[in-house]
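First comes the structure, then the notes that go with it.
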Amino acid sequence: MPENAAWWQKSTVYQIYPRSFADSNGDGIGDIAGIVSRLDYLRDLGIDVIWLSPIFASPMDDNGYDISDYQDIAPEFGTLDDFDRLVAEARKRGIGILLDLVVNHTSDEHRWFRDARTARDAPLRDFYIWRDPAPDSGPPTDLKSVFGGPAWTLDPLTGQYYLHQFSRRQPDLNWDNPDLRAEIYRMMNWWQDRGIAGFRMDVIDLIGKDVDKGITADGPRLHDYLREMHRSTFGGRDLLTVGEAWSATPESALLYSGRDRGELSMVFQFEHVTQQWHETWGKWQPKPFDLVAFKRVIDRWQLGLADDGWNSLFWGNHDLPRAVSKYGDDGQYRVESAKMLATVLHFLRGTPYVYQGEEIGMTNVPFQRIGQYRDIETLNMYEEHLAAGRSAAAFMAGARANSRDNARTPMQWSAEPHGGFTTGTPWIEANPNHDRINVAAQSDDDASILACYRRLIGLRKTLPVMQTGRYAPHLSDHPAVMAYERLLDGERIVVLANFTGADVHLDLPDALKGTGKVLIANYPRSGDLGAALTLAPFEAFAIAFDSKPTG
Ligand code: TEU
Ligand code: CA
């Protein structure tokens, strides 16, 4: 660990999905003015950075991950003036803004694609990836889109197929074209000059692809392009850059985020997510959570990036189910398990990311009809699974467990209609539990999940051992308990957490025994860790010790 940690190694990031956060004008869609009106809430939570999911001009085929103009704001979200005001108002509260850089693909309405599709020799044709039909006049390869169907669509005017790894309205950009890369860097610098704190980079592991060899993720030129991007844009500035990389391993994470590599601050990895997916039906077939397998992944990442690179830490985001529903208990032990998950995550080594609503223990949404869903992936996959012979009931159970819309229902501010998110009709229904689970019900309650998040985020600011201390796992094979230490100079923190709704009796290894000070706990607990103890359902605590005991 370098002597002086970077600012982003000490920070906590909060992700906002603008469409669902706060609606200022009653049109049912969250907007930038709504975010500005909630900045005091975020300051009080203690976060340092906001990651804004895309706010750029877009036909919203994929809720803004299909950008038609990188240098303008979608009218439903506001204007560039609103954005500048957000940056300024956030800065007054010590908060930086991360933009979501979606540069693997654009919208089919982007002017580059509109030009590219006009003729085979159109000036910007090569900004995208075109191939002749296969001999049978079908798609050039059998590559599939993440959202279902082939990743190739025939454009009748020019008789060639274009590549789209997501929807057919999200054509993939051709990163092998240097003019395209220069345009992207120019655009990034334009945003950097507006005072942003950095970028979250959408599916960045896909930009170096070699599609003719069938290589999409982690392609041969990926790291060349990232180093070039770094040199051409944020290299000279002190920004936070985090790449979304579903293909990342601890080994490749060192290539992205190694100290002397000149690429990114860190990546989001998903091994702990995909590990929980079904072999055939993927995330659309719920599987019980396996703590031992989960800990194996976390340990590999914590230890693999101990000396170089840096971890990002998250339970959820706008593509994933609600943390408490996935990893905890969203029924009887919702409060206990949400605090337990928060405690486990925030004491790990890395930069924590809190997804909107996680800090109040928002849960998955119990939609009963496919018509209640809005997400393109969920809607397409419903058709695909039914066509493959699966029952609607089985698919719906999978959607209730893992649809991206679980994360996208309106932020629950109060017990008012639609959770106080809008005075109009929200673009997607609010979770009916907003009458119980909301910010207003928790803001003045010291025993709330929200208070627990405030405390954890505050502790990270003051405890160097929490920021940069070494990670040491314990009880790796225990099926119910996660246990680890953080160590820095003479300081030591022990974290113990029960991931089940039953009491767990534990014999503690010597390394974890001692008498210290309780930093946080979700049940009454003394700082005395003797030979044996019982953890209550979803109990978690962190205890600080002055020095390492012998033995
Ligand atoms: O997600 C990448 C991605 O692959 C996800 O769609 C994910 O694989 C899927 O939800 C799992 O089933 C990013 C964005 O986070 C997502 O919101 C976008 O839809 C996608 O890229 C395309 O830009
Ligand atoms: Ca609005």
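The values are calculated or read from the model by the stated rules, or taken from the named source; none is laboratory data. These figures come from a predicted structure and were not determined experimentally. Cβ coordinates were reconstructed from backbone atoms using ideal geometry, including for glycine residues, and neighbour counts include every protein chain displayed. Protein only, heavy atoms only, side chains kept; ligands, DNA and RNA dropped before computing areas. Shrake-Rupley method; radii C 1.70, N 1.55, O 1.52, S 1.80 Å.
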Across (1) part of a loop (DSSP other than H, G, I, E, B); (2) over 21 Å from I207 (Cβ atoms); (3) in contact with a strand residue (DSSP E or B) (Cβ under 9 Å, 6 or more places away or on another chain); (4) not acidic (D, E), P135 clears everything bar (3)
Among residues of the range 403-436 being within 15 Å of ligand 1 (Cβ to nearest atom) and either open to solvent by 10 Å² or more (accessible area, probe 1.4 Å) or of a type in the set (G, A, S) (or both), the residue farthest from E76 (Cα to Cα) is S403
Checked against (1) touching a Gly at 6+ places or on another chain (Cβ under 6 Å); (2) in a loop (DSSP other than H, G, I, E, B); (3) within 15 Å of ligand 2 (Cβ to nearest atom), N25 satisfies every condition except (1)
Filtering the range 155-168 down to residues that are surrounded by 21 or more Cβ atoms within 10 Å (Cβ to Cβ) and either charged (D, E, K, R) or more than 25 Å from F270 (Cα to Cα) (or both) yields Y161, Y162
Exercise. Going by the structure shown, is S68 within 30 Å of A306 (Cα to Cα) and touching a strand residue (DSSP E or B) at 6+ places or on another chain (Cβ under 7 Å)?
Worked result: no
Note on the range 255-283: residues out of contact with any Ser or Thr (no Cβ under 9 Å at 6 or more places or on another chain) and among the small types (G, A, S) are G258, G262
- [ ] Could you tell me whether the range 476-486 includes any residue that is more than 18 Å from I298 (Cβ to Cβ) and open to solvent by 20 Å² or more (accessible area, probe 1.4 Å)?
- [x] no
Filter the range 52-71 for residues that are out of contact with any helix residue (DSSP H, G or I) (no Cβ under 7 Å at 6 or more places or on another chain) and either under 26 Å from A441 (Cβ atoms) or of a type outside the set (A, V, I, L, M, F, W, C) (or both); the one that is nearest to ligand 1 (Cβ to nearest atom) is Y65
Turns out the helices (runs of 4 or more DSSP H) fully within the range 227-321 with at least 1 residues that are open to solvent by 50 Å² or more (accessible area, probe 1.4 Å) and hydrophobic (A, V, I, L, M, F, W, C) are 250-257, 291-304
Checked against (1) open to solvent by 10 Å² or more (accessible area, probe 1.4 Å); (2) within 16 Å of ligand 1 (Cβ to nearest atom), D81 satisfies every condition except (2)
Scanning the range 185-221 for residues that are surrounded by fewer than 19 Cβ atoms within 10 Å (Cβ to Cβ) and small (G, A, S), the one nearest to ligand 1 (Cβ to nearest atom) turns out to be A217
Checked the range 456-473 for anything touching a helix residue (DSSP H, G or I) at 6+ places or on another chain (Cβ under 6 Å) and not in a helix (DSSP H, G or I); matches are Y471, P473
Scanning the range 59-97 for residues that are within 16 Å of ligand 2 (Cβ to nearest atom) and on the phi > 0 side of the Ramachandran plot gives M60, N63, G64, G78
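Looking only at the range 172-184, filter to residues that are assigned to a loop (DSSP other than H, G, I, E, B) and out of contact with any Leu (no Cβ under 7 Å at 6 or more places or on another chain); which one of those is nearest to ligand 1 (Cβ to nearest atom)?
The extreme case among them is W175.
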Within the range 93-111, the residues that are free of Cβ contacts under 8 Å to residues at least 60 places away in the same chain and in contact with a helix residue (DSSP H, G or I) (Cβ under 8 Å, 6 or more places away or on another chain) are R93, G94, I95
